[in-house]
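Scroll down for the structure; my scribbles are underneath it.
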Amino acid sequence: MNELNKRILTSVMLILILLYTFINLYFLYIIILIVSFFALDEFIKIFKKIYPSNNFKIFISILISLIYLSFFSSAIILFLSNSFELNKYKVLFLILICISTDIGGFFFGRLIGGKKLTKISPKKTYSGLGGSLISSIVVGYLYINIQNIFAMSNSKLVFLIIFLSLTSQVGDLLISLLKRKANLKDTGTILPGHGGILDRIDGILLALPLGIIIFSA
């Protein structure tokens, strides 16, 4: 099976898991804990490669990762526990913004190309950045108008989507920076065709908690 077929098959599996998590709250809790566990394991491996002979820096880096992953998991669990039937659609909105940001950036970057955005991730281009924003605005706007989960003016909605999309891209770049320092192509191999857990949740890891804070304010 080639890499494209592996990527498609894994994507379908991930979508099915995601959909089921929004049906069963307890299954979602389990998935969050599993994702956090493997994400921490990948962080540990990354920092051991970045600081091969500095146990203190490895310890501090892992501790910070553990604290943030705990915050990430707790934010989602507490938000959904408060009102699962309503808030699950808000969480899905945040995830869709991150996914559409990733997909839009990939396709626009490949189709148009152009000037590189940063040395951190050579594949990132300004056209990809624009594509990310356009695709996330379209997907987010359509989703909100279909689901009608909260009242917000069009201008504020677009501003929120742009903020979340940019935040997602910052999360992507932070993980890319760590991979670059560790001289790694992927953070792991657990997801065939995709790499590791961090390769898939890099944008979500930063944008989702911030989105939950905004919705909870």
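Summary table
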| item | result |
| --- | --- |
| Estimated [θ] at 222 nm from DSSP helical runs (n ≥ 4, -39500 (n - 2.57)) normalised by residues in the chain, nearest 500 | -28000 deg cm²/dmol |
| Candidate aspartates and glutamates for bridging to Lys124, where Cα separation is under 14 Å - those fewer than 8 sequence places away on the same chain excluded | Asp102, Asp172 |
| Å³ per residue enclosed by the Cα convex hull of the range 3-216 | 122 |
| Spatial separation of Cα centroids for the range 155-217 and the range 25-56, in angstrom | 15 |
| Burial order of peptide ranges 74-81, 126-133 (average beta-carbon count within 10 Å, highest first) | 126-133, 74-81 |
| Entries in Lys6/Lys45; Lys90/Lys181; Lys45/Lys90; Lys45/Lys119; Lys90/Lys115; Lys115/Lys185 that, when Cα-Cα distance is taken, lie over 29 Å | Lys90/Lys181; Lys45/Lys90; Lys90/Lys115 |
| Given the chain, longest segment not containing exposed loop trypsin sites (Lys or Arg not before Pro) (DSSP; at most 16 other Cβ within 10 Å) | 1-114 |
| Per-residue ³J(HN,Hα) for the range 165-179, Karplus 6.51 cos²θ - 1.76 cosθ + 1.60, θ = phi - 60°, Hz, x for Gly and Pro | 5, 5, 4, 4, 5, 5, x, 4, 5, 5, 5, 4, 5, 5, 5 |
| Calculated diffusion of the range 67-137, Stokes-Einstein form, Kirkwood radius summed over Cα pairs, 25 °C and 0.890 mPa s, µm²/s | 178 |
| Computed magnitude of the charge dipole of the chain (debye, nearest 20; Cβ of K, R +1, Cβ of D, E -1) | 780 |
| Charge-dipole axis of the chain as Lys and Arg at +1 and Asp and Glu at -1 on Cβ define it, positive-most pick from Ala182, Leu33, Met152 | Ala182 |
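Any read-out appearing in this document is the output of simple, stated calculations on the displayed coordinates, not a laboratory observation. As the structure is a prediction and not an experimental result, all values here were calculated from the model. Neighbour counts are summed over all protein chains in view; Cβ atoms, including those assigned to glycine, are modelled from backbone coordinates with ideal geometry.
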